[in-house]
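*Asks:* Got a structure for you, written out below as structure tokens; questions coming shortly.
The values are calculated or read from the model by the stated rules, or taken from the named source; none is laboratory data. Bear in mind the structure is a predicted one, so any value in this text is a computation, not a measurement. Cβ sites come from the backbone with ideal geometry, for glycine too, and all protein chains shown count toward neighbours. All accessible areas refer to the heavy atoms of the entire protein, side chains included, with ligands and DNA or RNA removed. Shrake-Rupley method; radii C 1.70, N 1.55, O 1.52, S 1.80 Å.
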Amino acid sequence: MISQRVAGHLMMRGFVLKRLGQNRKYPERNVFIFNNTESLRQAITEYTTTNGGQTNDNGAEKRAEAV
């Protein structure tokens, strides 16, 4: 996962960060690695559903620019 915002949300919900790595495609970004479980996938789905599909600040910036 590359979204720090979602990773933080997951950790606040009790999911344990397994490892932090470097994004191979974008070396200036991090990758947050969790154990791939059904409850993790469900928590990610709930997060994106309740946040309008946004997983980072880019959506907020785009909405602000559109106003």
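*Asks:* Rolling a 1.4 angstrom probe over the protein chains, ignoring ligands and nucleic acids, what is the accessible area of E38 in square angstrom, nearest 10?
*Replies:* Using a 1.4 Å probe on the heavy atoms, I get roughly 120 Å².
*Asks:* Pull out the extension gain between T48 and N23, defined as 0.36 nm times the separation in residues minus the alpha carbon to alpha carbon distance; nm, one decimal. Working shown, then result.
*Replies:* Working: separation 25, 0.36 × 25 = 9.00 nm, distance 2.12 nm.
Full-extension gain reported as 6.9 nm.
*Asks:* Would you tally the net charge around I33, using a Cβ to Cβ cut-off of less than 11 Å, leaving I33 out, and scoring K and R as +1, D and E as -1?
*Replies:* Spelling it out: positives minus negatives among the neighbours equals +2.
*Asks:* Quick check: with the 1.4 Å probe, what order do V16, V31, V6 take by accessible area, largest first? Show your work: numbers first, answer last.
*Replies:* Numbers: V16 110, V31 30, V6 5 Å².
Highest to lowest solvent-accessible surface, that is V16, V31, V6.
*Asks:* Subtract the Cα-Cα distance of N35 and Q4 from 0.36 nm times their separation in residues, and report this length gain in nm to one decimal. Intermediate values should be presented prior to the final figure.
*Replies:* Details: separation 31, 0.36 × 31 = 11.16 nm, distance 1.61 nm.
Once the chain is fully extended between N35 and Q4, it gains 9.6 nm.
*Asks:* Non-local amide H neighbours of V31 (under 5 Å, H modeled in plane, Pro and chain starts lacking H): which ones?
*Replies:* When sequence neighbours closer than 5 places are left aside, the close amide H contacts are G21, Q22, N23.
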